[in-house]
Amino acid sequence: MKNTEQIWDLVDAKRQGFLDLSDRVWGMPEIAYTEFKSVAEHTAMLKEQGFEVTENYCGIPTAVMGEAGSGGPVIAILGEYDALPGLSQEANIAEHRPLPGNGNGHGCGHNMLGSAALLAATALKDYLAATGQPGRVRYYGCPAEEGGAAKAFMVREGAFKDVDIAITWHPAAMTKVDEALSLANTRMDFTFTGRASHAAAAPHLGRSALDAVELMNVGVNYLREHVPADSRIHYAMIDAGGVAPNVVQAKATVRYAVRSRDVVGMRALNERVRDVARGAALMTGTQVEIKVLSAVSNLLGNTPLEEAMYQNLMRLGPVPFDAADREFAAKIRATLSEQDIEASYLRAGVPQTSDTPLCDLVVPLEVKGEPMIGSTDVGDVSWVVPTVQARVATHAIGTPGHSWQITAQGKAGAAHKGLIYAAKAMAGVAVDALADPELIARSKADLAKRTARHPYVSPIPAEVQPPLQPRPAAA
Ligand SMILES: [Zn+2]
C-alpha cells in the first residue's frame, strides 16, 4: 500500500527546520574535504531526527551516514554540502557583492541539495515508523562533489554494496528528470624532473622540465583532432619551474583533466595522454611522474526510476513560486545575457515562448534538450546502484552554473520552495519503491543490462586516497 500524500505531509511537517539548515550551511561555505562545520550541522540533524549515525564515514571526516528502519529494501538518499571558491556573494540582491571572508560561496546550490535530501530521508524514516512497513532509509552526506570525487571513493569502499536504489536531485533553472548525461573524468598531475643549470653559461648541461610541459601541451593539442568529438581535455600549470629565466627549470608540473563520454573511452584516452607525456620526457631528456588525483565515471540512467520520478513531478506540478519569487528572479534575470537565457531553454529542450523568469512547467520526460555536459561523482553510484536524479527549479531561468547569481539566490523564497518540492519528489519515488518491489526489480534489471558489456571498475587506482584536509584548530 502506498500513500504519497502521507509522506508529502510528513515533508511539510518538518519543512522549517530544514530550510533553516540549508540557510545555515549557505552561511558557512566550505570547499572540498573542508566541510567540517557543514557536516556537523547535518550530523546534528540526523541525531535530532533519531537516525543511527556513522560519522567519519568511509574514513572521510566530512562524510556522514544515517540509517533508520528495519528489514525490507535499502533506499539511499544522497546529499551534498560543499561550496566553491571565489563565489562568495551577499544573499537576496541582484548585484555582484562578495561577502568579507574566505571568498567561498554556495555557487552550485549544494546547501539546498543536502538539506532537501536529508528532509526526504527524514520524511521516509517517519513514514516507515508511521506505517510499520519494512524498509530501511539511508542518508549519505557526501562531501567534495566539486572536484573531490568523494562518492567515487565511497563506492570503492563498498558504501553502497547493499543498497537497492539511490535517489538524489540538483538545484536547477528548469524542473525535470535528470537526463543522466555526464562525462567520465580523470584528474592527473604530470611532474617532469630534469636538471638545473646556468641557462647562458651551460645550457647544454641542463634538461628543462618546463620544455617538457610545453611539449606535452603541444602534443595534447595535436591529439585533440584525433579523439572522439565529445572528449574534453584541459590543463593548468601548477608549477612552471620557477621565476628565473636564467636557470634551466629542473622541475615542473602540469595538471590535466581528461573527460570522455564513458569510463571505457576515458581509460583509452588517459593512456594516449600519458603516451604524449612520456614522449615529451623522451624529447627533453627528463623523467615524468604521473599521479592520478581523482576520477569519476559517467552517469548511467535508469528508465524505470526515471519514469517513477516523472510521475511524481507530474503529480506535484510546477514548483509553486509566488509573485515575490518572480520579482526577485526578474531582477537576477536583468544581470544575465540573452545567450544565458537562451541556453537554459536549449538545454531543457523547451521553446522560449513565455517570458517568466522562473520555470512554471515540468519538462516532459520524452523531451531531449542540448544538455551542458560536465562531470559528477553521482556517476559512480549510478554504476553500482539503480540511481535517479531530479532537477528542480530553484533559481532564475538563465542563471549560469557556478555563478555569483546562484549564491545570491540560495536563500531566497524560490530556493526554499524548490528545496521542499525536491524533498517531496525524492520521497515520492522512495514510497513507490517501497510499495512495489517490481519497481526495484525492474530498475536492477535495467542497470544489469547497461553494465553487461563493461562491468563497473573503479576509475580510481587502488593506491590513490581522497585528498583529505586537516581539521582547523578550534577558534
Ligand atoms: Zn553541483
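Annotations
- Single match in PRO472, PRO455, PRO461 (criterion: in a loop (DSSP other than H, G, I, E, B), surrounded by fewer than 21 Cβ atoms within 10 Å (Cβ to Cβ), over 23 Å from the mean Cα position of the chain (by Cα) and more than 16 Å from the ligand (Cβ to nearest atom)): PRO472
- Taking region 401-452 as the region of interest, the helices (runs of 4 or more DSSP H) fully inside it that hold 1 or more residues being touching a residue at least 12 places away in the same chain (Cβ under 8 Å) and more than 25 Å from TRP383 (Cβ to Cβ) are 404-408, 413-435.
- Take the conditions (1) farther than 23 Å from TYR81 by Cβ; (2) assigned to a strand (DSSP E or B); (3) within 16 Å of the ligand (Cβ to nearest atom); THR186 misses just one of them, which is (3).
- Taking each residue of region 375-387 that is in the same structural domain as ASP162 (by TED's automatic domain parsing) and closer than 7 Å to LYS151 by Cβ and looking for partners that are hydroxyl-bearing (Ser, Thr, Tyr) and outside any loop (DSSP other than H, G, I, E, B) with beta-carbon atoms closer than 8 Å, six or more apart or interchain, yields VAL378/THR168; VAL378/THR387; VAL381/THR387.
- Output for region 1-30, where each listed residue is in contact (Cβ under 8 Å) with a residue 24 or more places away in the chain, part of a loop (DSSP other than H, G, I, E, B) and over 19 Å from GLU55 (Cα atoms): MET1, LYS2, ASN3, LYS14, PRO29
- Which listed residue, of ASP355, ASP340, ASP360, is surrounded by 18 or more Cβ atoms within 10 Å (Cβ to Cβ) and in the same structural domain as GLU157 (by TED's automatic domain parsing): ASP340
- Region 273-323, residues that are surrounded by 20 or more Cβ atoms within 10 Å (Cβ to Cβ), among the hydroxyl-bearing types (Ser, Thr, Tyr) and either under 19 Å from HIS170 (Cα atoms) or within 30 Å of the chain's Cα centre (by Cα) (or both): SER294, SER297, TYR310
- Any hit, region 173-189, residues being in the same structural domain as PRO357 (by TED's automatic domain parsing), under 23 Å from GLY72 (Cβ atoms) and buried (at least 22 other Cβ atoms within 10 Å of the Cβ): no
- Top-ranked residue in region 95-121 [being part of a loop (DSSP other than H, G, I, E, B) and of a type in the set (Gly, Ala, Ser); ranked as nearest to the ligand (Cβ to nearest atom)]: GLY109
- Subset of region 143-175 [charged (D, E, K, R) and away from the ligand (no atom under 16 Å from the Cβ)]: ARG156, GLU157, LYS161, ASP162, ASP164
- With respect to the conditions (1) crowded, with 21+ Cβ neighbours inside 10 Å; (2) within 16 Å of the ligand (Cβ to nearest atom), LEU128 lacks only one, and its number is (2).
- Residue list for region 396-425, restricted to those being under 23 Å from GLN352 (Cβ atoms), within 17 Å of the chain's Cα centre (by Cα) and buried (at least 21 other Cβ atoms within 10 Å of the Cβ): SER403, ILE406
The values are calculated or read from the model by the stated rules, or taken from the named source; none is laboratory data. Quick caveat, the model's predicted, so the values are computed rather than measured. Backbone-built Cβ (ideal geometry, glycine too); neighbour counts: all protein chains shown.
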